[in-house]
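First the structure, in the form of structure tokens, and then the observations on it.
Each reported figure results from applying straightforward, stated rules to the coordinates on display, with no laboratory input. None of these values were measured; they are calculated from a predicted model. As a convention, Cβ positions derive from the backbone with ideal geometry for all residues, glycine included, and neighbour counts pool all protein chains shown.
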Amino acid sequence: MRILAVSDLHGDAKPLITYLKDNKVDLIIIAGDITHFGPGELAEDILNALSTFQIPVLAIPGNCDPESVYANIDNSPAINLHARNMVVKNIGLCGFGGSNPTPFNTPLEFEEVQIYDEAKKTLESIKDEKITLFITHAPPYGTKTDLLPSGEHVGSTSLRKIIEELQPTLNICGHIHEARGIDKIGKTLIINPGELSDGYACLIKISDSKDKEKIETGIIKL
């Protein structure tokens, strides 16, 4: 299975659409900030455009998406993965959108206690699958994926705690544009693919290798 994971579209899906015209993937994951402070209908338009490629799309909102984006995702052909889970073959997927509080009072922020309670419950529901993909908009605290140029870490402490406790196979995140990169928390690989609006994405390849699945990941320029 080839999965293309992107984040931080901010209203611009052109790099993704151009890539899909010449490249085959089996699943698309969007880790939030589909719009840049709305309108919610723009998210629906983008997801409708992606549906023409006949590839399943899973999406969560980001902190820069208005709350109405929940309904806009549900009204589109995409699957809303916020605080929800699903299993594709032996791959468990779940998501949690928005972000921990920021200094900018963006539309979709959650207190850390709510993130911990709701995101942990969602991840626990798929923890027994062979491969688990935890899709979040905010990155976990204290990694390369939440690091500002100033040296300050601004990710979610709750997401870090959940990952430490449940150790999903992979955490796809976004939110911090400057922190495009890959890191690990225990056995969990953390990937912030960077801004799709700048042409960056994460390609995940999952293949059978004798008795267990082989996973290859990397950040690519579309």
Would you compute the Debye intensity of segment 129-222 from its alpha-carbon atoms alone, equal scatterers and no solvent, and pass along log10 I(q)/I(0) at q = 0.22, 0.24 Å⁻¹ to two decimals?
-1.08, -1.22
Among the DSSP beta bridges whose two residues both lie in the chain, what percent are antiparallel, rounded to the nearest 5?
50
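With r as the distance between the Cβ atoms of Glu164 and Asp74 and R0 = 22 Å, compute the FRET efficiency 1/(1 + (r/R0)^6) and round to 0.05.
0.10
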Which trypsin sites (Lys or Arg not before Pro) from segment 125-193 combine a DSSP loop assignment with at most 10 other Cβ atoms within 10 Å?
Lys187
Rounded to whole Å, give me the distance from the Cα center of segment 154-211 to that of segment 78-121.
14
Which residue, Ile219, Ile29, Ser150, has the largest displacement toward the positive end of the dipole of the chain when charges sit on each Cβ (Lys, Arg +1; Asp, Glu -1)?
Ile219
Helix-only CD estimate at 222 nm, as mean residue ellipticity for the chain, using -39500 (n - 2.57) per DSSP H run (n ≥ 4):
-6500 deg cm²/dmol
Mind listing which chymotrypsin sites (Phe, Trp or Tyr not before Pro) in segment 26-96 are in a DSSP loop and have 14 or fewer other Cβ atoms within 10 Å?
Phe37
For a quick check of your reading of the filter: which GluC sites (Glu not before Pro) in segment 107-185 sit in a DSSP loop and have no more than 14 other Cβ atoms within 10 Å?
Glu111, Glu152
Which residue, Val57, Val88, Met1, has the largest displacement toward the positive end of the dipole of the chain when charges sit on each Cβ (Lys, Arg +1; Asp, Glu -1)?
Met1
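For segment 2-221, what relative contact order do you get, as a whole percent, if you take Cα pairs closer than 8 Å and at least 6 residues apart?
So the answer I get is 20 percent.
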Which residue, Thr132, Gly199, Ile73, has the largest displacement toward the positive end of the dipole of the chain when charges sit on each Cβ (Lys, Arg +1; Asp, Glu -1)?
Thr132
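What FRET efficiency would be calculated for the residue pair Val113, Leu148, taking the C-beta separation as r and a Förster radius of 22 Å, to the nearest 0.05?
0.40
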Can you tell which of Val69, Val113, Val57 shows the greatest fluctuation in a Gaussian network model of the chain with Cα springs below 10 Å?
Val113
What do you get when you divide the Cα radius of gyration of segment 17-129 by 2.2 N^0.38 Å, with N the number of residues?
1.10
Tell me the label-point distance for the pair Ile17, Lys184, using the 7 Å Cα-to-Cβ offset, in nm and rounded to one decimal.
4.0
First obtain the Kirkwood hydrodynamic radius of segment 2-221 from its Cα pairs, then insert it into the Stokes-Einstein equation at 25 °C and 0.890 mPa s, and state the resulting D in µm² per second as a whole number.
146
